[in-house]
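Scroll down for the structure; my scribbles are underneath it.
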Amino acid sequence: MIQSMTGFGKSLLQLPSKKITVEIKSLNSKNLDLNARIPGQYREKELPLRNLIGNSLTRGKVDFSLYVEVTGEETTASINPAVVKKYMNQLRELSNGDETELLKMAVRMPDALKTDREEIDETEFESIEEAVKQALVEINNFRSDEGNALEKDLKLRIENIERLLEEIIAIDPERIAGVKERLRKGVADLKEKVDENRFEQELMFYIEKFDITEEKVRLNNHLDYFKEAIDSEDSNGRKLGFISQEMGREINTIGSKSNYAPMQQLVVQMKDELEKIKEQLLNVL
């Protein structure tokens, strides 16, 4: 079974005085690239949250967001009276404005509000961790659903390559017969007498250069290995990517040896299917 690296998970946590929203989004990436948006009061807990997410998702470009909405009367921000009064005095020296307007201007100035550092309640953080775990369950379910769709497409592409390989195998004798005929015709056009035994030896040596038996066998093996790997429990995009590279080498070699238009057309179709496989594998976990 395979998983996609694309996914989304969300969970909501309602506390007595605040609502916390956890969102996790992921896209494809070679490694784990985790970007975390966490309010300042929870920064000291960023590392354990990163570890929790990293252990679950392992790969992908991941955006983790923790939003806090205060729903009660609780707040850690308060007006700094001394600073506000000082700002108002300075503003009076510049303008004889209304006191209310001066106050509005003063509270917007730097340090007009002070925020007391709030210690994280461990029980609250445990609830946040559970919310993150719930979001991870959602995103992993999303990834699995996407993975099922990817798996169906990959297996279809592999079946197409297998079908094209069968067509290549079917026309290979015709290709070899054509090579022999062209060589015999070339010799006949020279109107020279040749040693038939020597000619047959040279002909076999020449045809060996165009023999694709080994490539057909190896490609078949790679196709079988790909299908086994995609159904295995430890299936992953990197492993499938390596197998697809080996498939590409055999297909390219068949194309370079074919020297036969109908076979080369089939090879082009195989390459097209393989490119689609490689594109899909970029998103496989």
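The values are calculated or read from the model by the stated rules, or taken from the named source; none is laboratory data. For clarity, every value in this text was computed on a predicted model and none was experimentally measured. Here the Cβ is made from the backbone with ideal geometry for all residues, glycine too, and neighbour counts use every protein chain on show.
In the stretch 118-150, the qualifying residues are those that are β-branched (Val, Ile, Thr) and touching a residue at least 24 places away in the same chain (Cβ under 8 Å), and the one that is nearest to SER4 (Cα to Cα) is ILE139.
In the stretch 241-257, is there at least one residue being outside any helix (DSSP H, G or I), assigned by TED's automatic domain parsing to the domain that holds LYS155 and at pLDDT below 90? The answer is no; no qualifying residue exists. Considering the stretch 25-47, and only residues there that are in contact (Cβ under 8 Å) with a residue 60 or more places away in the chain and farther than 18 Å from GLN3 by Cβ, the residue that is surrounded by the most Cβ atoms within 10 Å (Cβ to Cβ) turns out to be TYR42. Going residue by residue through the stretch 124-140, is there one that turns out to be at pLDDT 90 or above, assigned to a helix (DSSP H, G or I) and either more than 41 Å from the chain's Cα centre (by Cα) or farther than 30 Å from SER17 by Cβ (or both)? The answer is yes; a qualifying residue exists.
So which residues in the stretch 256-277 are within 30 Å of the chain's Cα centre (by Cα) and free of Cβ contacts under 8 Å to residues at least 24 places away in the same chain? Result: VAL268, LYS271, ASP272, GLU275. Among the residues of the stretch 61-107, those that are within 30 Å of GLU46 (Cα to Cα), modelled with pLDDT under 80 and either more than 53 Å from the chain's Cα centre (by Cα) or hydrophobic (A, V, I, L, M, F, W, C) (or both) comprise VAL70, ALA77, ILE79. Within the stretch 165-192, the set of residues being surrounded by fewer than 12 Cβ atoms within 10 Å (Cβ to Cβ), modelled with pLDDT of 85 or more and of a type in the set (A, V, I, L, M, F, W, C) comprises just one member, ALA170. Residues in the stretch 225-235 that are touching a residue at least 40 places away in the same chain (Cβ under 8 Å) and either crowded, with 16+ Cβ neighbours inside 10 Å or part of a helix (DSSP H, G or I) (or both): PHE226, LYS227, ILE230, ASP231, SER235. Test LYS152 against the criterion of being outside the structural domain of LEU66 (by TED's automatic domain parsing), at pLDDT 85 or above, in a helix (DSSP H, G or I) and charged (D, E, K, R), and give yes or no. Answer is yes for this residue.
For the stretch 258-284, the set of residues classified as surrounded by fewer than 18 Cβ atoms within 10 Å (Cβ to Cβ) and outside any helix (DSSP H, G or I) consists of ASN259, LEU282, listed by residue number. Does the stretch 52-71 include one or more residues that are closer than 28 Å to LEU282 by Cα, free of Cβ contacts under 8 Å to residues at least 12 places away in the same chain and either among the polar types (S, T, N, Q) or out of contact with any Cys (no Cβ under 7 Å at 6 or more places or on another chain) (or both)? Within the stretch 52-71, one or more residues are closer than 28 Å to LEU282 by Cα, free of Cβ contacts under 8 Å to residues at least 12 places away in the same chain and either among the polar types (S, T, N, Q) or out of contact with any Cys (no Cβ under 7 Å at 6 or more places or on another chain) (or both). When the stretch 3-22 is filtered for residues that are within 18 Å of GLU69 (Cα to Cα) and either aliphatic (A, V, I, L, M) or crowded, with 18+ Cβ neighbours inside 10 Å (or both), the ones remaining, listed by number, are SER11, LEU12, LEU13, LEU15, ILE20, VAL22.
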